[in-house]
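A short write-up of the structure that comes next.
Bear in mind these aren't lab numbers, they're just calculated from the coordinates by the rules spelled out. Computed from a predicted structure; not experimentally measured. Glycine gets a Cβ as well: all are built from the backbone with ideal geometry, and neighbour counts include every protein chain shown.
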Amino acid sequence: MASGQRLAIDGGAPVRTAPFPAWPVYGEAEEQALLGALRSNKWGIGSELIAEFEEKFAALQDAKQCISVFNGTVAIEVALRAAGVSYGDEVIVTPYTFVATASAVLMVGGIPVFADIDPDTYQLDAQSAKGLITERTKVIIPVHIGGGPADLDAVLDVARPAGLKVIEDSAQAHLAAWKGTRVGAIGDLGTFSFQSSKNLTAGEGGAIVGNDDALMDRVWSFRNVGRVREGAWYQHEVLGGNARMGAWQAAVLLAQMTRAEEQLARREANGTLLTDLLGRIPGIRPLKRDARVTHHAYHLYIFRYDAAAFGGRPREDFFKALAAEGVACSAGYNPLYRMNAIIDASETIGRMTGTPIASVETNAERCPVAERVCAEESCWLSQNLLLGPEQDMHDIANAVAKIQKAWS
Ligand SMILES: Cc1ncc(COP(=O)(O)O)c(C=O)c1O
């Protein structure tokens, strides 16, 4: 342990100078897959590669069906339309997520209603969600934040008696599993992203999974300009955009999937070790892993920072000192109800549909945990930091411990 050493930010030697593993990971498999897509002469509709990807990704996530789309944002929009969300309908979401979870609701004319998060897992607090249900509520969106499954038992217990659909935003949770089942189709629908940073990536891309054939027929239609499965080419029964994935994405994703299980195992082993090491440092509390989580995707490794144990230094100072030691770490999200895009669009749709909109102050009162977490507590390490050898975890923990000792 690097005790009593001068911090790198003060001119000392950094704990680490070697780079962490790079992302994305690719090789011969992706090159061959792309050439295969090129030479298939089917680059979009009718591509066998797209069909193969959908079949394999459904199997990977323990779902009956998968329908591919071009990104994770549009996946949520299509899923919401399929679930029947329309003008003035309310959708309960967490404020601790990427903007798309809430902006997708607004894009289909709905209104995001923000419930608080659990202080130990940062996942949607189902009891907070329960208190926000009105006669306008149609859907609850739990986000598997950081790749750790949300408490789906609690969310479904709240949603089912109220007749609400559950859409799992699984953009960060490829291969994650809750009580032995991979996430996505445990609720009614699940959406995924294959954007550049994601654990499974094609640069851009998305998917929707589900087990209900009728609901997945609606997903297919809204993804496919309102066409009807088995219908005529120019038969359009619902208003839908073109959200189809192309063959390049499918080809790359098929190649990426051959490494996904091994990468999951590596991230989980390193994540568990890091939790053990960081948990011993005063003022650092890794998020709790619920005993019902079978697999954690560790898209983000999230831990909690308590400035009091770091001489009262704010989190931004900690990030600067940690970066100087060779470890990149960031604060992550601000609560979405504080974002101008969300406030403005909510007010517009509220006005158009005569739906009351909660003010920023009301949302902050409803979500005290999200407020604190975003302002001073949460610290993120990105998933590629967990893809190297065990020694990398010791380097991360040693860097954090060195700073804590120097400042306490
Ligand atoms: C939780 C969450 N939801 C939705 C998205 C949107 O996905 P995309 O960037 O593919 O549109 C992302 C990631 O970007 C995300 O992290």
- Query: How big is the Cα convex hull of segment 254-408 in projection, averaged over all directions, in nm²?
  - Reply: 12.5 nm²
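If the viscosity is 1.306 mPa s and the temperature 10 °C, what Stokes-Einstein diffusion coefficient in µm²/s follows for segment 18-126 when Rh is the Kirkwood radius over Cα pairs? Write out the running numbers ahead of the final one.
Working: Rh = 17.2 Å.
For the chosen part, D equals 92 µm²/s.
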- Message: Given contacts defined as C-alpha pairs under 8 Å and at least six residues apart, what's the relative contact order of the chain, whole-number percent?
- Response: 23 percent
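Fewest first, what order do Leu60, Leu300 take by the number of other Cβ atoms within 10 Å? Mind dumping the intermediate values first?
Working: Leu60 18, Leu300 23.
Going from sparsest to densest Cβ surroundings: Leu60, Leu300.
Rounded to two decimals, what is Rg over Rh for the chain when you use alpha-carbon atoms and the Kirkwood radius? The partial results should precede the final answer.
On the way: Rg = 21.9 Å, Rh = 22.1 Å.
A ratio of 0.99.
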- What is the ratio of the Cα radius of gyration of segment 263-323 to 2.2 N^0.38 Å, where N is its residue count, to two decimals? 1.26
- Item | Most mobile listed residue (Ala59, Ala364, Ala75) in the chain, GNM with C-alpha springs under 10 Å | Ala59
- Message: At R0 = 51 Å, how high is the FRET efficiency between Glu347 and Leu34 if r is their beta carbon distance? Nearest 0.05 is fine.
- Response: 0.70
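Per 0.36 nm of contour for each residue apart, how much would the distance between Thr181 and Arg280 grow if the chain were fully extended, relative to their Cα-Cα spacing?
Numbers: separation 99, 0.36 × 99 = 35.64 nm, distance 3.16 nm.
Stretched out fully, the Thr181 to Arg280 stretch lengthens by 32.5 nm.
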- Would you give the gap between the C-alpha center of segment 121-193 and the C-alpha center of segment 249-311, rounded to a whole Å? 20 Å
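Compute the relative contact order of segment 60-170 as a whole-number percentage, counting only Cα pairs closer than 8 Å that sit 6 or more residues apart in sequence. Working shown, then result.
On the way: 183 pairs, mean separation 27.4, N = 111.
Reported as a whole number, the value is 25 percent.
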